[in-house]
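Structure, as structure tokens:
The values are calculated or read from the model by the stated rules, or taken from the named source; none is laboratory data. All values reported here derive from a predicted model rather than from experimental measurement. Here Cβ is always computed from backbone atoms with ideal geometry, including for glycine, and neighbour counts include all displayed protein chains. Side chains included, ligands, DNA and RNA excluded: accessible areas come from the protein's heavy atoms. Shrake-Rupley method; radii C 1.70, N 1.55, O 1.52, S 1.80 Å.
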Amino acid sequence: MSWRQGLHATAAAIALAISTAAVAQGPGRYWVNGTNAKEKASYRGTITLSKTGTMTWQIVEVTGNDTVEGFGIGDGRTIAATFVARDGSTAVALYVANADGSYTGIWASDGDQDVSTETLKPE
């Protein structure tokens, strides 16, 4: 590889890093579309990701008349969270950022045998 080819490869890598960094992810409000595997039902709403520390998060999801609050850890590209519902049941979730600024999420409640899914898209 010549020095010019190396320079072009380096410039391309920097451009990709800058374009990826410019995509919104992390703190903000998102539209959420999900499928509850246990109930075999879909749902829609909003979810707000708020950074509370270096790698800690508050998460508030509103679907219909239900509001669920959670606590998470992660770097913004990946967030692991736990939620407690009004009835005292607990759930865990994992959100992974996509290149377009959305998140793909999976979650399960205590006792579930299947994993449910969510997609978060920036408002």
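Among the candidates S89, S42, the residue that is among the small types (G, A, S), open to solvent by 70 Å² or more (accessible area, probe 1.4 Å) and at negative phi is uniquely S42. If you filter segment 45-86 down to residues that are among the basic types (K, R) and more than 17 Å from T104 (Cβ to Cβ), you find that the one that is surrounded by the fewest Cβ atoms within 10 Å (Cβ to Cβ) is R86. Of all the residues in segment 1-52, those that are of a type in the set (S, T, Y) and either assigned to a helix (DSSP H, G or I) or at pLDDT below 95 (or both) number 4. Counting residues in segment 95-114 that are acidic (D, E) and open to solvent by less than 80 Å² (accessible area, probe 1.4 Å) gives one or more.
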